[in-house]
Every structure is written in C-alpha cells, then in structure tokens.
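Step one of this worksheet: look at the structure below.
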C-alpha cells in the first residue's frame, strides 16, 4: 500500500547513494561530514526510522567513521522477537535498545512514544562531556520521559528477569528506578573483547587520539630521535588517561622485529601499543551469610562492663 511504498522510499533515501553530481546522500553523507564541518560524527542513530535495512547501513558507516550507533529492535513486540532481531547484527559499533520511552506530546496533548535511540544519542553526548567515554550509557537518569512503552520485569537483586534475559542477549533495555534509565552495557560484537560499549569506544578514541596527536610526524625524516619522540609522546598520553581513570593502563613500544631495514626503506614505521579498558560493573553479587559468631562478642561485652 501507499504507507509501505513511502517507507520503502524513505529507507532508500536514508541509506543514501552517490548522486549524479558525485555527492553523497543519506547516511553516506556522514562520510564527508568532516571535510565540510571540520568535525567527524561519532554518535549516530536514526530514531523512528531505523529499520533493519537502515541499521545494517548504519553499522557500515559507523565502522568507517569509528563511530558508535544506537538502533531500536524495529517492529518487535515481545522479548523473544527482540532476542531474535538482535541476531541480525555482529558489529561492535552497534547497540540494540528496546523498548521505547513515553513522553508528553504538546502538539497532540497526549502521551506518545519517545524514541529511546534519540534519548541514547543525547545522553551519550552528555556522559562524554560530564564523565567521559569510559562510562557506559547504562544506569544514568534520562530527562524528559514519563514512562516505558512495554512491560519489562526488572529487579536489582533477582536474576532471570526480563531485563537480565535482554542484557544477556546483548540488548539494552529500559527501567524505572529513581527516574528512568537505560539498563545494559553490551554491543552487538561477535568478539568478546568488545563485549561492552565502552570497550569499543575506548578502542576508537585511542586509535583516533594517537593518530591525530602524531600527524605532525608524518613525512618527517625517519630518525632515532623521531621514533623516540613518538613513543614517549604516546606513553605520556597513556599516563594522563590512566591518571584520569579513562583506562586501567597502557604501554607503547618500538619493535625492532617489525621495523627491519626494508620496512624503513619503504617509508614505513610500526609503533605498537596495548591497553586495558575500564570494565563496567555489570553484575554485582552480594552474598549473604547468617552466623552466630557475633553472639560470643555480645556475651563478652556484657561481662566486660
């Protein structure tokens, strides 16, 4: 029908292409954003229009830009549908969120759907500014919403809840506790090294930060002094990031094996570094035990006085 035809055309427009003038359109236009604005898009989403086809295209753009994308579980009504939908993705750059928030619509004077992905984009930027990219989206209050669009059972101490099942399947959900919050840290990654949102973003930020901070060295003569300056500069940055809590630790070094005479002659230089991102406390277990050992202290204290 007309609605389906319109949606299909909208999806095509969002995914984008290269027009007759050689200009990118739709999501592809984000690839050229830095050359136009001087800023590279980092936090991406298509609230309300992120069909599976759009989400797949968004994942590709996120990978090219080293950005992170938030997508909904398009068309899903039940938890089993959401879990099945999540299986469509394997990219570390994506997070699936379900359900949506509710908020008051002043135009219609009714409570309406407030896309959770839209809130995720704004909250992600806010957390980056106020806390840092090492903090995940989860368990931070969301402004401007009044409810949740579907029933999700969640309990802080109970295991096997709806929220647990969604989280274990790699889906971030929504909860109400002291306001409304996102609940979940996991990406769509098929690599356990990038299981959590902040693991992916740490890798992205470090790659960009190190490259951009040492653009000055590109095309300079390769000398021992240049190599030492690069390594020392990166290690100094790592110390700063560690001190501020953005990473657990990291080290940069120059490998002689990777930089033989032929490599250097070809104008190539390999600098290695490793790092440990800060893990989020996803599962806090408080183990309760009952004991009578404190009764002995009680008896002793009575007689001692």
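The values are calculated or read from the model by the stated rules, or taken from the named source; none is laboratory data. No experiment lies behind these values; they were computed from the predicted model shown. All Cβ positions, glycine included, derive from the backbone under ideal geometry; neighbour counts span all protein chains shown.
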Quiz item: Here are 73, 55, 120, 59: which of them is closer than 18 Å to residue 28 by Cβ and crowded, with 23+ Cβ neighbours inside 10 Å?
Solution: 55
Quiz prompt | Members of region 73-84 that are closer than 19 Å to residue 196 by Cα and out of contact with any strand residue (DSSP E or B) (no Cβ under 6 Å at 6 or more places or on another chain) | solution = 83
Quiz prompt | Only listed residue being modelled with pLDDT of 95 or more and under 24 Å from residue 208 (Cβ atoms), chosen from 110, 117, 51 | solution = 117
Practice problem: Identify all residues within region 106-149 that are more than 27 Å from residue 198 (Cα to Cα) and either assigned to a strand (DSSP E or B) or in contact with a strand residue (DSSP E or B) (Cβ under 9 Å, 6 or more places away or on another chain) (or both); write none if there are none. | Solution: 110, 111, 112, 113, 146
Quiz item: Residues of region 1-23 being more than 26 Å from the chain's Cα centre (by Cα) and within 16 Å of residue 64 (Cα to Cα), which ones?
Solution: 17
Quiz item: Is it fair to say residue 249 is more than 30 Å from residue 159 (Cβ to Cβ) and outside the structural domain of residue 137 (by TED's automatic domain parsing)?
Solution: yes
Self-check item: Tally of residues being crowded, with 16+ Cβ neighbours inside 10 Å and at negative phi across region 127-149
Solution: 13
Exercise. Evaluate region 78-93: report whether one residue or more is assigned by TED's automatic domain parsing to the domain that holds residue 175 and at positive phi.
Key: no
